[in-house]
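**Q** Submitted below is the structure of interest, expressed as structure tokens.
The values are calculated or read from the model by the stated rules, or taken from the named source; none is laboratory data. These figures come from a predicted structure and were not determined experimentally. With ideal geometry, Cβ positions are generated from the backbone for all residues, glycine too; neighbour counts draw on all protein chains shown. Ligands, DNA and RNA are stripped out before the accessible areas are found, and what is left, the full protein with its side chains, is counted by its heavy atoms. Shrake-Rupley method; radii C 1.70, N 1.55, O 1.52, S 1.80 Å.
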Amino acid sequence: MKPKILITAANGNTGFPAAKELLTLGFPVRAFVRNANSKKAKELKHLGAEIFIGDMCDIRDVRKALEGIQRTYFVPTYPNILFQGATFATVADELKLEHVVLLTQWLSSHVHPSIYTKEHALVDTIFKRSTSNLTILNPGLFAFPYVMTPHPLTQFGMFPDFGKNAPPSSEDIGLVAAHILKAPKNHVNQIYRITGKELLSAAQMAATIEKVIGRKITVSQLSDKMITKVLKAYKYPKMDISQIPYYINEGRLGTWENNAPTTVVQDIVGKEADDFETIIRKLLVPQSITKQTLKNKLKAIAFMIKAMLTSPLNIKHFEKQQHLPEFKNTLFSSQSKGWRKTHK
């Protein structure tokens, strides 16, 4: 009898494809979600998953979710990475799970200026010390941030430069997690850098998007100030917005191209990693704003006026308001000798 596997953040970008793949492979799946009425949760239930509704920050819910579970894919979600991670690792240690797959960051570092990255590093450390059978997935910048601003991208051809990258698809990350959990024996204490198929420059990515949507795309060097204005206009959470400029600047230092591309998806799943065109067709084409119409052009103009009138986010002031710990002498990952030593 195959073991039941818990997938956390099963409504999410990587948890959902992981859960679907395991169900396809014939494994019983318990899907940890906050909203059982979401489209993805309903689809997983239809496919045979057991839906568990709970709060990843509540240790009582985590204990209930892990009852009868031997293997799990744990995805800490923003903005509670550290609390969720410490809670889940505590219960995983109590129950002596057979195997845990942990999603973290390629940047993971204790001295990074981003609080999210520092918290990922602490969660990594906690799991390494408390979980004997562990596999860590540390992808770099995912593909979906490239289409987070569809109005200026699709209607005005403005594509931000995040440096060279081989962005992985969320689906491929989920598939890797699922296939490790299918047969975890050979993946104990391994760390996998998941990437897309090819290492691309911003200009090459822009050319691909141009091909897909049929309009001229130009690479734009946006300031941190402008980036926060546009993201605020989209009403993304301020906590997330405050961290994004750190990652964009990391990309400009060449961090995303470090050790990319890899063959992890091919080696573990048995298929080629998704290429950038495939990912863009999935992410961008279904959006109605992609169509080149007068109505969409007017929508984009209205959005850009809104963005220009939006005040930028003062990141340092915002972080102080959130009472985040202040660190001196922080370093981007690519500037850290310790990080570079372990990320060759």
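**Q** Based on the Cβ-Cβ distance from residue 320 to residue 77, what FRET efficiency comes out when R0 is 25 Å, to the nearest 0.05?
**A** Using R0 = 25 Å, I get an efficiency of 0.55.
**Q** Considering only DSSP beta bridges where both residues belong to the chain, give the percentage that are antiparallel (nearest 5).
**A** 5 percent
**Q** Let me ask something else. For the pair residue 299/residue 259, report the inter-label distance in nm, with labels modelled 7 Å from Cα in the Cβ direction.
**A** 4.1 nm
**Q** List the aspartates and glutamates whose alpha-carbon lies under 13 Å from that of residue 185, not counting same-chain residues fewer than 8 positions away?
**A** 98
**Q** In terms of the Cα gyration tensor, with a ≥ b ≥ c the square roots of its eigenvalues, is the stretch 1-99 rounded because a/c is under 1.5, prolate because a/b exceeds b/c, or oblate?
**A** oblate
**Q** Here is a further query. In debye, nearest 20, what is the charge dipole magnitude of the chain about its Cα centre with +1 on Lys and Arg Cβ and -1 on Asp and Glu Cβ, if you could check?
**A** Around 680 debye, computed over the chain.
**Q** Express the accessible area of the stretch 276-331 per residue in Å², computed with a 1.4 Å probe while the remaining protein chains stay in the model.
**A** Per residue, the stretch 276-331 has an accessible area of 72 Å².
**Q** Nearest-5 percent of antiparallel DSSP beta bridges in the stretch 54-201?
**A** About 10 percent, rounded to the nearest 5.
**Q** State the answer as a single residue: which of 5, 175, 44 lies farthest towards the positive end of the charge dipole of the chain, with beta carbon charges of +1 for Lys and Arg and -1 for Asp and Glu, about the Cα centre.
**A** Farthest towards the positive end: 44.
**Q** Another question, then. About the Cα centre of the stretch 205-344, what is the dipole size in debye to 20, counting +1 per Lys and Arg Cβ and -1 per Asp and Glu Cβ, all else neutral?
**A** That gives the stretch 205-344 a dipole magnitude of about 620 debye.
**Q** Follow-up question, since we're still on this one. Whole number in Å², please: accessible area per residue of the stretch 122-215, 1.4 Å probe, ligands, DNA and RNA not counted.
**A** 35 Å²
**Q** Taking all protein chains as present, what is the carbon and sulfur share of the accessible area of the stretch 243-306, in % to the nearest whole number, probe 1.4 Å?
**A** On the stretch 243-306, the fraction of accessible area on carbon and sulfur atoms equals 59 percent.
**Q** OK, next. Which entries of 42/291; 211/291; 229/306; 128/197; 128/341; 45/197 have Cα-Cα distances beyond 20 Å here?
**A** Pairs exceeding the cut-off: 42/291; 128/197; 45/197.
**Q** In whole Å, how far is the Cα centre of the stretch 321-344 from that of the stretch 217-289?
**A** 20 Å
**Q** Please give the length that would be gained between residue 122 and residue 291 if that part of the chain were fully extended, namely 0.36 nm times their separation in residues minus their C-alpha to C-alpha distance (nm, one decimal).
**A** So the chain would gain 56.5 nm between residue 122 and residue 291.
**Q** Scan [x] 43, 22, 18; [y] 33, 24, 20; [z] 29, 25, 20 for the value of semi-axes √(5λ) of the Cα gyration tensor in Å calculated from this model and give just the label.
**A** It is the value labelled [y].
**Q** What is the extension gain from residue 38 to residue 311, computed as 0.36 nm multiplied by their sequence separation minus the C-alpha to C-alpha distance, in nm to one decimal?
**A** Roughly 95.0 nm would be gained on extension.
**Q** Now for a different question. If you roll a 1.4 Å probe over the stretch 113-238 with all protein chains in place, what percent of the accessible area is carbon or sulfur?
**A** Carbon plus sulfur share of accessible area: 53 percent.
**Q** Heavy atoms only, probe 1.4 Å: what % of the accessible area of the stretch 1-90 goes to carbon and sulfur, would you let me know?
**A** For the stretch 1-90, the apolar C and S fraction of the accessible surface comes to 52 percent.
**Q** Under the definition of Cα pairs under 8 Å and six or more residues apart, what whole-number percent is the relative contact order of the chain?
**A** Dividing the mean separation by the residue count of the chain yields 18 percent.
**Q** Show that you can apply the helix-only estimate: for the chain, add -39,500 (n - 2.57) for every DSSP H stretch of four or more residues, divide by all residues, and state [θ] at 222 nm to the nearest 500.
**A** Only helices count here, giving -13500 deg cm²/dmol.
**Q** Next up: With +1 on each Lys and Arg Cβ and -1 on each Asp and Glu Cβ, and nothing else charged, work out how big the dipole of the stretch 145-227 is about its Cα centre, in Debye to the nearest 20.
**A** 140 debye
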